[in-house]
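The structure appears right after this line, and notes come after that.
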Ligand code: URA
C-alpha cells in the first residue's frame, strides 16, 4: 500500500493532506523518516509509524476501548455534556468508512454519569454483532446503591423485575453483593437505563455506576478515566466469539 494511502485509511485527512505530511518530513515508519508519498509499505496489523511526532499503529479496522469518565455523553451531538468522542484523537474520529459514517462509533451507550468500559469501532459487522440482542454479550456493572443490599433485592434482580416499557420481566444473569452498598450485576440486554431501573424496581437506588466487563474483556486497571487503547487481536477475537451464558442461580456473594 502506498504510504499516502495508508495514512488516508487511518484518518489523517485527504490523500493530498497525507501526501503533504509525508513530503514535509512529518512521517516515520518503523523509526525511519519517509518523504516519498508513493513509497510502498507492507501494511501489517500493528505496524508502527509516527505522524508529527505522535506514535501510531496501523489497524485495517479500529477496535478501541475507552474508560468513560462521568460527565460525558456517548453521542456525536451531545445535548448537555461533552461527547466521549472528544476524548479520542482526530484520526480515530475521521477514519474513512465505506458506505458508513466516518470514524469509530460507540457500541451502545452509557448514561452521562456512568463510567467505565466503552468499546468503539469502525467495523460495521462488529458494531452490529455487539449491539444485537440476539448475541447476548454479557456486560458486568458495579453499582453503588443508596440503601443496604439485602437478599430479597438480590433475589428480585435474579428472578426478574418488570420495567415500565415491557410486561416481560427482565432478569440479571448474576446479581452479587460486593459489600453493604455495592452490587455487581451481569446483564445480557441493553435496555434504556436498565441497571438503574432494575435496581429501582428491586427496591433500591443506584448512586454511581461503572461498567467493568464486556464478554471476557475487563476494564484495564491501569487505564485512567478518559484514556483509551487499542484492543489486541485476541481481545477482538474473543468478543466476536462470545456466546450466550446461562443465568447463574447462585446465592449472594461477598
Ligand atoms: N444501565 C444504566 O442504567 N445505565 C447505563 O449507563 C448502563 C446500563
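Quick notes on this one:
- Within the option set 134, 93, 109, being in contact with a helix residue (DSSP H, G or I) (Cβ under 8 Å, 6 or more places away or on another chain) and either within 16 Å of the ligand (Cβ to nearest atom) or part of a helix (DSSP H, G or I) (or both) holds for one residue only, 93.
Residue-wise test of (1) assigned to a loop (DSSP other than H, G, I, E, B); (2) over 13 Å from residue 3 (Cβ atoms); (3) in contact (Cβ under 8 Å) with a residue 12 or more places away in the chain.
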| position | (1), (2), (3) |
| --- | --- |
| 19 | no, no, yes |
| 22 | no, no, yes |
| 25 | yes, no, no |
| 35 | yes, no, yes |
| 38 | yes, no, yes |
| 43 | yes, no, yes |
| 46 | yes, yes, yes |
| 49 | no, no, yes |
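- The residue pairs whose first member lies in the stretch 200-217 and is part of a loop (DSSP other than H, G, I, E, B), whose second member is within 11 Å of the ligand (Cβ to nearest atom), and whose beta carbons are closer than 7 Å, counting only pairs six or more residues apart or on different chains, are 205/199.
- Residue that is assigned by TED's automatic domain parsing to the domain that holds residue 237, within 13 Å of the ligand (Cβ to nearest atom), modelled with pLDDT of 95 or more and crowded, with 22+ Cβ neighbours inside 10 Å, where the choices are 157, 209, 183, 117: 117
- Matching residues, the stretch 186-206, being in contact with a strand residue (DSSP E or B) (Cβ under 9 Å, 6 or more places away or on another chain), at pLDDT 95 or above and more than 10 Å from the ligand (Cβ to nearest atom): 186, 201, 202, 204, 205
- Some residue of the stretch 222-232 being more than 12 Å from the ligand (Cβ to nearest atom) and under 18 Å from residue 111 (Cβ atoms): yes
The values are calculated or read from the model by the stated rules, or taken from the named source; none is laboratory data. Just so you know, these numbers come straight off a predicted model, no measurement behind them. Counting neighbours? That spans all protein chains shown, and the Cβs are built from the backbone with ideal geometry, glycine included.
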